[in-house]
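Quick notes on the structure that follows.
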Amino acid sequence: MKIKACIFDLDGVLVDTAVYHYKAWKRLANELGFDFTEHQNEQLKGVSRMASLDLILGWGGIKGMSNEQKIELADRKNTWYTEMIGAMTPSEILPGARDFVIACRNAGLKTAIGSASKNTPTILQKLDLQSLFNAVIDGNSVSAPKPDPEVFLKGAEALGVSPADCVVFEDAVAGIEAAVNGGMKTVGIGSPEVLTKAEKVVSGLDKITVVELDTL
Ligand code: BG6
Ligand code: MG
């Protein structure tokens, strides 16, 4: 193969955690006296925890919170979120995701996770996916959020592969931008109307084969 590695975003690519993030953020918003829609929730995809909170507080018209208050709110949301992901099972892996990662490895490609989530280790353990990745770069090991390429560049470095030889799989606009900014090839998971900067877009990892990656 011409490419050497695949770097996978986690939320929305390997597993659909968006519904749990939504439920937990909604509960927080409701406690603060307002609500937001599932459509607004789309804007939170790929966005870090604190940046998500800022967006949500903006939707509720809440201003002037101290940093300490914001950390308390984000912690409260994360407690509910971790309760929900604690009950996840491998049945929640998105269709074809596990098989596709295995096929990449069987083709001699290195594999890594590149996610904004600080809960990545818990989710990988719950889904029993840890053994399928040579490296895991997540919200605990990066300082600059996507679209900064840091998470993917660190992934390529950990795999010992140059960025141009990596394909990044992402469902978020900011994530595709991060991969492009890092000089990597891109496959969007979702809709081509949204992921306009991706080289190829499929609805899920069940809709792509490893040989197609060499045509990118
Ligand atoms: C991203 C999700 O993968 O991780 C975002 O798409 C989420 O919705 C972000 O806010 C941070 O996740 P966590 O688990 O660290 O709160
Ligand atoms: Mg994602």
inquiry  = One residue is enough: does the range 8-23 have a residue meeting the conditions of a type in the set (D, E, K, R), more than 10 Å from ligand 2 (Cβ to nearest atom) and surrounded by fewer than 20 Cβ atoms within 10 Å (Cβ to Cβ)?
reply    = yes
message = Under 9 Å between Cβ atoms, which residue pairs at least 6 apart in sequence (or on different chains) link something in the range 43-68 that is at positive phi and more than 10 Å from ligand 1 (Cβ to nearest atom) with a partner that is open to solvent by less than 50 Å² (accessible area, probe 1.4 Å) and not in a helix (DSSP H, G or I)?
response = Gly61/Phe34
query = Hey, which of the strands (runs of 3 or more DSSP E) in the range 120-216, taking only ones fully inside, have at least 2 residues that are among the aliphatic types (A, V, I, L, M) and under 25 Å from Gln43 (Cβ atoms)?
reply = 185-189, 200-202
query = In the range 87-94, is there at least one residue being over 29 Å from Thr186 (Cα atoms) and either open to solvent by 50 Å² or more (accessible area, probe 1.4 Å) or more than 17 Å from the chain's Cα centre (by Cα) (or both)?
reply = yes
key: Residues of the range 38-58 satisfying the condition of being open to solvent by 70 Å² or more (accessible area, probe 1.4 Å) and not in a helix (DSSP H, G or I)   = Gln43, Lys45
query = Looking at Ser143, Ser203, which one is free of Cβ contacts under 8 Å to residues at least 60 places away in the same chain, closer than 21 Å to Asp99 by Cβ and not β-branched (Val, Ile, Thr)?
reply = Ser203
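Results for (1) of a type in the set (Val, Ile, Thr); (2) within 14 Å of Leu14 (Cα to Cα); (3) open to solvent by 20 Å² or more (accessible area, probe 1.4 Å), shown as yes or no for each residue.
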position	(1), (2), (3)
Ser115	no, yes, no
Pro121	no, yes, yes
Gln130	no, yes, yes
Ala135	no, no, no
Gly139	no, no, no
Val142	yes, no, yes
Asp148	no, no, yes
Val151	yes, no, no
Lys154	no, no, yes
inquiry  = Considering only residues that are exposed (fewer than 10 other Cβ atoms within 10 Å of the Cβ) and either touching a Lys or Arg at 6+ places or on another chain (Cβ under 8 Å) or among the basic types (Lys, Arg) (or both), which ones fall in the range 63-85?
reply    = Lys63
remark   = Phe34 vs (1) within 17 Å of the chain's Cα centre (by Cα); (2) not in a helix (DSSP H, G or I): all pass except (1)
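The values are calculated or read from the model by the stated rules, or taken from the named source; none is laboratory data. Worth saying up front: this structure is predicted, and the values here are computed from it rather than measured. Here the Cβ is made from the backbone with ideal geometry for all residues, glycine too, and neighbour counts use every protein chain on show. Calculation scope for accessible area: heavy atoms of the full protein, side chains included, ligands and nucleic acids excluded. Shrake-Rupley method; radii C 1.70, N 1.55, O 1.52, S 1.80 Å.
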